[in-house]
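Heads up, the thing below is written out as structure tokens.
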Amino acid sequence: MPLSVNVNHNAPTIMHVDLNSAFSTVEQQANPFLRGKPLVVAAYDGPNGCVVAPSIKAKQYGIKTGMTVRDAKLLCPTVLVRKPNPDFYRAVHLQFRRIFRDYSPDVTPKSIDEAAIDLTDTLCLFQGCLTGIAQDIKRRFKKKIGEWMRCSIGVGTNRFLAKLAASLHKPDGFDIIDHTNVFDIYKHVKLLDLNGINTRFQARLNAYGIFTPMEFYEAPLEKLQKQVFHSSVGYYFYLRLRGWEIDAVDFKRKGFGNSYALQKQTNDTRELAKLLMKLCEKTGRRLRRAKYSAQGVHVACVYRDFSYWQTGRKFDVPIYTTRDIYIKAMRLLNMSGYKKRVRNLAVSVYDLIPGAAEQLDMFFRLPMQSQMPWTKSMTGGENLSLLPR
């Protein structure tokens, strides 16, 4: 593609569907008494619980994802708090994926509540009517999932513009961005409204005199590549802003992981060891189900004061059993020193290779105490730092 690129004049055929305030909306669909009320789904309902999804009504009070329940109640004393119900959310996710596949076989889930639908090869089957498809999806959401379910739909010539279009008129909007209106849209949104631009990237752009999406669009390619981003990231944004598709890539799985927000923050080694075991079991189960082994393990802690610690290690022998993941993760956790109370603990495995070396036992079993003395710590005996090194 040449260095000087014009806006893509092709017909917009990429649709982005966003299930608004997904978790809280699903809770309200399941319980009519919660509808229309300020509601948050939080990791747990204690004051330090992290808000995962505020309802549309809660957002009107200024409640945002990432706040604590304490702060949410300061903004709205009557806000209702619910713990996550993953089974509900997965069921809804599977339902809306089935709906999308009636319009195109090329459906890419972006998260549990978002998906991109490529209509390039199937739009002709629907008389080329994007508005009709969007209205039909909204109608089927209410009929098949529930009358309280609403979604925002955006269409563009690439995934970047389609997602921006879906964000323009939440919670129940429908917008199309193409070469005829893209500049008007850029003049009325902020840098942080653009997918992929976080506060760090915003600061980089600001440092070079770029404060609006329109200024971002007008910035020379060389400036974005060599000054702002110092990499090909600048070239990718240069193309995205002009409506060219560069995100339709099937990236390989890089790792598996699980995290947990502690309701009772602690630095007690026994409590953290128990939680680490649960996280390793979940991670190992997902790893084996996908038929991978891993060559690296990573452990991370977020502390009570929001500082963090993290470390990872690669190993010569691939691992896939819960036992092996736990041994290595526990060894890494010991390196933290347990100095501060932990509010979030996370375990992940990376550098994946296909297949497992041998058949697993039906039940995970800790090694015999005579072989692994450190296991006594799990029952209150020896200190966890006795893990073999």
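The values are calculated or read from the model by the stated rules, or taken from the named source; none is laboratory data. Values in this document were obtained by computation on a predicted structure and should not be read as measured data. Here the Cβ is made from the backbone with ideal geometry for all residues, glycine too, and neighbour counts use every protein chain on show. Heavy atoms of the whole protein, side chains included, go into the accessibility calculation; ligands, DNA and RNA do not. Shrake-Rupley method; radii C 1.70, N 1.55, O 1.52, S 1.80 Å.
Below are the figures for this structure:
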| read-out | value |
| --- | --- |
| Loop-located trypsin sites (Lys or Arg not before Pro) in the stretch 267-296 whose Cβ has at most 15 other Cβ within 10 Å (DSSP) | LYS291 |
| Residue (of MET149, LEU125, GLN135) at the positive-pole extreme of the stretch 105-157, dipole from beta-carbon charges | MET149 |
| Net charge dipole size for the stretch 1-148 [Lys, Arg +1 and Asp, Glu -1 on Cβ; Debye, nearest 20] | 600 debye |
| Cut-off 11 Å (backbone N to label point 7 Å along Cα→Cβ of ASN195), residues of the stretch 75-115 | 108-111, 114-115 |
| Given charges at beta-carbon only (K, R positive; D, E negative), |dipole| of the stretch 272-323 in Debye | 340 debye |
| Range in the chain, longest, excluding exposed GluC sites (Glu not before Pro) [loop by DSSP; at most 16 other beta-carbon atoms within 10 Å] | 148-357 |
| Kirkwood estimate for the stretch 91-223, i.e. one over the average of 1/r between Cα atoms, Å | 16.3 Å |
| Gain on full stretching of the segment that runs from LYS144 to LYS339 - 0.36 nm per residue minus C-alpha separation | 65.1 nm |
| Chymotrypsin sites (Phe, Trp or Tyr not before Pro) lying in DSSP loop within the stretch 125-234, provided at most 14 other Cβ fall within 10 Å | TYR208, PHE211 |
| Accessible solvent surface per residue of the chain, calculated while the other protein chains remain in place, 1.4 angstrom probe, Å² | 53 Å² |
| Förster radius 25 Å - calculated FRET efficiency between GLN295 and ILE112, Cβ distance, rounded to 0.05 | 0.35 |
| Gaussian network model of the chain, springs between alpha carbon atoms under 10 Å - residue of ALA53, ALA261, ALA165 with greatest fluctuation | ALA261 |
| Length released on extending from ILE353 to GLN95, taking residue separation times 0.36 nm less the Cα-Cα span | 89.7 nm |
| Positive-end residue, the chain charge dipole about Cα centroid, Cβ charges, pick of THR199, TYR308, VAL189 | TYR308 |
| Portion, in percent, of the accessible area of the chain that falls on carbon or sulfur, probe 1.4 Å | 52 percent |
| Difference of contour (0.36 nm per residue) and Cα-Cα distance, GLU271 to THR131 | 45.0 nm |
| Sequence of TRP309, TRP244 when ordered by accessible area, the most exposed leading, probe 1.4 angstrom | TRP244, TRP309 |
| Cross-link partners of LYS57 among lysines (Cα-Cα below 26 Å; sequence separation of 8 or more within a chain) | LYS37, LYS73, LYS83, LYS110, LYS138, LYS142, LYS143, LYS144, LYS163, LYS170, LYS190 |
